[in-house]
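A.B. asks: What follows is a structure written as structure tokens; I'll ask about it next.
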Amino acid sequence: MSSERHRIQDELVDVLGCTQLMLATGSRQLMLDMLQERVGSPLLVRSHPQPRLEIVEVVRACSRMPGAVSTMVEVVVALEPGTTEAERLRRLQDEWEAAERLAAEDWSQLRPVLHGLHPPELGWLFQRAVSYRLSAPPGWCADAWHVYVHLAGHNAGPDGVPPSLAFLTYLEEVVDAGTAELLRLRTRGQAARDGNTAELERLRSRRGSGQDYPADGTAYLVIRLEPCLDPDEIELAAGGQRRYTLSYCRQWHGADAWHFRQSDTRPVRRADLAGEVERLIHQTEEEWSRRPRTTLLVEFILPWDLLNAEVDWWQMESASAQPVPLAMDYPVVVRSLKRHRTPRWHHAWRRRWQLLRTAPASATVHWSRPDGDDYFTRLEAELKSDHRIVSLILSEPPTETSRVSRQEVEAALRAGLPVIIWHRLDCSGAAFRDAVTRLVSDGGLAQLPVRAKELRSEALRLEPKLREDHIGRHLAVLWDDPERMPDPPGPPADRLAGEIRT
């Protein structure tokens, strides 16, 4: 075993000793049971009265089994997610996996230089190194060394240059002359040993020319809000402090495939949602700032009680002298949390979406006009009998107290309609009907998010007293794309934790 792996072993023991999980006998045993299930064989671990000695036994046993150290970290992070120790374990996991791949000079020369180095462009350098297949490094990569070690496990892309070497090459642009020379010597030496010197020099010649920017396209920030299910939430909600779990997913298309970056989840009070969304928007803008040809679209996956919230008018730049609404800069749509949770509705949903995407001129809308007995049964039967219908226009806004709109929305979701349109205050006005008719005419359904943004921009150009009467101020669009279904919130470790709790 290398000296670096011995060091990592010692640090793993120190970090595990700081976790609440490993301090109690019962939770240590739970971790060990889960670990043995996942590695598929028993680990020879003796019991000790002192937790640290037992931790040493676990780490030593895992070190002797291929893949077991990484599995141990995954299990611990699943049982104790979101802690400082979880991030430190992730970094050590990356170092452990990279220890046999990296050269001795990486540890002796690069590590002292890159550790603690965090240039503002770090996220962009990471994107370029992986050819924009990922939008940002994992959250536990706090500096250039962590990013480099994490990338050491990635295979070379189509250009033949491993992402770790590409990262060092791009990093040369933003460091001092001495560090840049050290990086050049390191990358050229490794390329010579690997036989890809020509590929590295081609990458170096493209650097800074704009040739390594991604192609034109659309990226999506999908923000998911779910009511907290903790029993204590009933009391909090009654006191006006209702909370939601917030997660997000960044999605973009490249190399003929969709790429996703999921976040973990965290509870947020209703009053703080707009501020959290502003923070996410700013973070995304920073990470995508070097992709000038990419259009960003913002989507909210919402529960029923938030479906009518004015998410597109939540304030950005709130600390400035003149805050602006989210709708000023981005197309904004909402999506249905209930549909995402109900797989039996997805087949019909995909069929209607395919029609909307491949033959938008054939797609039609249906106006809901409640009348007579058993109207909602008749409405759903009509929607399901005509597969050209892809959108429903509600007769009432979907407020928490509206029984009519709730039944309309559920009929549309069960029938698979990917698009629902409404006015947040009054769906019966002539101005709303005329505006929607213009929106969906001439195949406009296929461009609905962009057309809705144009209407909101029209409203923003008016004086405030006129703006409130403009349709763009109150237009809401549910636009649900089944081809971009976010995974359950959180990274694999969090999903594992969810399995454990059930």
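The values are calculated or read from the model by the stated rules, or taken from the named source; none is laboratory data. Just so you know, these numbers come straight off a predicted model, no measurement behind them. No Cβ is skipped: glycine too gets one built from the backbone with ideal geometry, and neighbour counts run over all protein chains shown.
A.B. asks: I'd like to know if segment 160-167 contains one or more residues that are assigned by TED's automatic domain parsing to the domain that holds P120 and surrounded by fewer than 22 Cβ atoms within 10 Å (Cβ to Cβ).
C.D. replies: Among the residues of segment 160-167, at least one is assigned by TED's automatic domain parsing to the domain that holds P120 and surrounded by fewer than 22 Cβ atoms within 10 Å (Cβ to Cβ), which makes the answer yes.
A.B. asks: Kindly indicate the residue of segment 331-355 that is of a type in the set (A, V, I, L, M) and surrounded by fewer than 21 Cβ atoms within 10 Å (Cβ to Cβ) and also farthest from A309 (Cα to Cα) among those meeting that condition.
C.D. replies: L355
A.B. asks: With respect to P81, is the statement that it is in contact with a Gly (Cβ under 9 Å, 6 or more places away or on another chain), more than 24 Å from D264 (Cβ to Cβ), surrounded by 15 or more Cβ atoms within 10 Å (Cβ to Cβ) and at pLDDT below 90 true?
C.D. replies: no
A.B. asks: Considering only segment 418-461, how many residues are free of Cβ contacts under 8 Å to residues at least 60 places away in the same chain, more than 24 Å from W353 (Cα to Cα) and either in contact with a His (Cβ under 6 Å, 6 or more places away or on another chain) or not hydrophobic (A, V, I, L, M, F, W, C) (or both)?
C.D. replies: Matching residues across segment 418-461 total 9.
A.B. asks: What residue, of A99, A68, is free of Cβ contacts under 8 Å to residues at least 60 places away in the same chain and either out of contact with any Lys or Arg (no Cβ under 6 Å at 6 or more places or on another chain) or not β-branched (V, I, T) (or both)?
C.D. replies: A68
A.B. asks: Related question: Specify which of the listed residues (A271, A309, A348, A321) is within 22 Å of E454 (Cα to Cα) and either of a type in the set (A, V, I, L, M) or not assigned by TED's automatic domain parsing to the domain that holds A412 (or both).
C.D. replies: The match here is A309.
A.B. asks: What about L125, is it part of a loop (DSSP other than H, G, I, E, B), assigned by TED's automatic domain parsing to the domain that holds R186 and in contact with a helix residue (DSSP H, G or I) (Cβ under 9 Å, 6 or more places away or on another chain)?
C.D. replies: No.
A.B. asks: When you scan segment 374-397, how many residues do you find that are outside any loop (DSSP other than H, G, I, E, B) and closer than 22 Å to T437 by Cβ?
C.D. replies: Here the count works out to 8.
A.B. asks: In the set R406, R388, which member is more than 31 Å from the chain's Cα centre (by Cα) and either buried (at least 22 other Cβ atoms within 10 Å of the Cβ) or among the charged types (D, E, K, R) (or both)?
C.D. replies: R388
A.B. asks: Applying the selection to segment 381-400, what residues are of a type in the set (S, T, N, Q) and within 22 Å of A430 (Cα to Cα)?
C.D. replies: S391, S395, T399 - these are the residues of segment 381-400 that are of a type in the set (S, T, N, Q) and within 22 Å of A430 (Cα to Cα).
A.B. asks: For residues that are of a type outside the set (K, R) and part of a loop (DSSP other than H, G, I, E, B), scanning just segment 284-293, find the one that is farthest from T401 (Cα to Cα).
C.D. replies: P292
A.B. asks: Right, here's the next one. Does segment 192-215 contain at least one residue that is part of a strand (DSSP E or B) and at pLDDT below 85?
C.D. replies: No, segment 192-215 contains no residue that is part of a strand (DSSP E or B) and at pLDDT below 85.
A.B. asks: Within segment 294-373, considering only strands (runs of 3 or more DSSP E) that don't extend past its boundaries, which have at least 1 residues that are among the aromatic types (F, W, Y)?
C.D. replies: Fully inside segment 294-373 and qualifying: 294-302, 364-367.
A.B. asks: Let me ask another. Between a residue in segment 248-264 that is buried (at least 16 other Cβ atoms within 10 Å of the Cβ) and any residue that is small (G, A, S) and at pLDDT 70 or above, which pairs come within a Cβ distance under 6 Å, given they are 6 or more apart or on different chains?
C.D. replies: Y248/S263; W252/A219; S263/S247
A.B. asks: Which residue, of L92, L79, is in contact (Cβ under 8 Å) with a residue 40 or more places away in the chain and either more than 24 Å from Y148 (Cβ to Cβ) or among the hydroxyl-bearing types (S, T, Y) (or both)?
C.D. replies: Every option except L79 fails the conditions.
A.B. asks: Looking only at segment 465-485, which residues are surrounded by 18 or more Cβ atoms within 10 Å (Cβ to Cβ) and either over 20 Å from L417 (Cβ atoms) or among the basic types (K, R) (or both)?
C.D. replies: Listed by number, the residues that qualify are H470, I471, G472, R473, H474.
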